[in-house]
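The values are calculated or read from the model by the stated rules, or taken from the named source; none is laboratory data. Everything numeric in this text was worked out from a predicted model, so none of it was measured. Cβ placement follows ideal geometry from the backbone for every residue including glycine, while neighbour counts extend to all protein chains displayed. The area values use the complete protein model at the heavy-atom level, side chains included, leaving out ligands, DNA and RNA. Shrake-Rupley method; radii C 1.70, N 1.55, O 1.52, S 1.80 Å.
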Amino acid sequence: MSIQINFFKEIKERLSDNVSLVDEVADLMGVSNDSAYRRIRGETELTFAEIKILSNHFRISLDGIIESTSSTVNFHFKSMSERNFSYVSYMESILDTMNNLVIEDESEFIFICNDIPFFHIFHIPEVAIFKSFVWQKTVLGYDEMKGKKFELSRPEESLRNASIGLRDIYAKIPSTEIFHPGTFDVTLNQIEYYSVAGLFQNWKDAILICDKLHELVNHLETQAVQAHKFHPKQELPEIVSKNYSLYFNDVLYIEDAVLINSAETKSVYLINMTLNSLITHSDKFYNHFKKNVENLLAKSTLISGTSEKETSRVFMNYRKKIDKLKDKIIS
């Protein structure tokens, strides 16, 4: 029963001081306070159903409670589908998660970027609209997108609200990002593919997206120089909080991943097929993965808040790639 008692100790630590553990457990499981007491004291064994209710509600990884020597790690996977879990639903679910993180103190993101970080593209609406179209038509293969060509249009209200919300919330959370020479290549390849395949309704939109990508590069460089995340139209105060660390690595590439460290949980999101994610709250896996990331950071160059010359070199190479593609499309 020591495992069960430790489980409830973990739950207790996650409750506010003014919240009763007994009342909370009784309400969640639909039992009397006396029954809840017996479970908390280990006199009555929890059922699998009860463990699931409690662990899901309090976002507790049982790996850390059981202290198992097993190499097994539990991941959560929720695939996107056109009807049951759409692109908009996906955006809104991330927004919910981010809202919870903003409330907590000392939350932090570590983002390994093989593509332009999801949250930054929402600074430039045209780029966000293009990426959204590509994800739904080409990556996810939605039926409603068959036969459609890309053209700039106003996104639906729910998508627009979610993207603005994600952009603004991410700017509030301290984060570390790791770029490499190919971080913009995925988007550039998508623009080139759509151009060659005739998937732009107006071929000049391909040029426009390249120009807008330039704007995004300029903004990301400014953020790096300031070591601070902000909206392009926002006027920076004289004193800004240093909430943005950007590293550049010339050689080492590992899979896209997001590490989230908050007061309540440690999570790892392994990005699968651009958008789908394998998610685990296992402390064991987080600590192992964090060591790999720390090794990556040690072999990377910090380009935020340091030498503007080094920062300029990195972003200049991204601009050259955009200009090369733009010239190719025009010719």
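General observations
- Here segment 198-228 is the region considered, the condition is being closer than 17 Å to ILE329 by Cβ and part of a loop (DSSP other than H, G, I, E, B), and the residue that is most open to solvent (accessible area, probe 1.4 Å) is TRP203.
- Filter result for ALA197 (touching a residue at least 60 places away in the same chain (Cβ under 8 Å) and of a type in the set (Gly, Ala, Ser)): no
For every residue, the table says whether it meets (1) surrounded by fewer than 18 Cβ atoms within 10 Å (Cβ to Cβ); (2) more than 22 Å from ILE129 (Cα to Cα); (3) of a type in the set (Gly, Ala, Ser).
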position: THR183; (1), (2), (3): no, no, no
position: VAL196; (1), (2), (3): yes, no, no
position: HIS231; (1), (2), (3): yes, no, no
position: SER241; (1), (2), (3): yes, yes, yes
position: VAL258; (1), (2), (3): no, yes, no
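- Qualifying residue in segment 40-53 (condition: within 34 Å of the chain's Cα centre (by Cα), hydrophobic (A, V, I, L, M, F, W, C) and either modelled with pLDDT of 90 or more or open to solvent by 70 Å² or more (accessible area, probe 1.4 Å) (or both)): yes
- Exactly one residue among LYS148, LYS131 is modelled with pLDDT of 90 or more, assigned to a helix (DSSP H, G or I) and either touching a helix residue (DSSP H, G or I) at 6+ places or on another chain (Cβ under 7 Å) or surrounded by 19 or more Cβ atoms within 10 Å (Cβ to Cβ) (or both), and that residue is LYS131.
- For LYS242, the criteria (1) without any contact (Cβ under 8 Å) to a residue 12 or more places away in the chain; (2) assigned to a loop (DSSP other than H, G, I, E, B) hold in every case but one, which is (1).
- Counted residues, segment 2-39 - those being surrounded by fewer than 12 Cβ atoms within 10 Å (Cβ to Cβ) and in a loop (DSSP other than H, G, I, E, B): 6
- Breaking point among (1) open to solvent by less than 30 Å² (accessible area, probe 1.4 Å); (2) of a type in the set (Val, Ile, Thr); (3) touching a strand residue (DSSP E or B) at 6+ places or on another chain (Cβ under 8 Å), for ILE271: (1)
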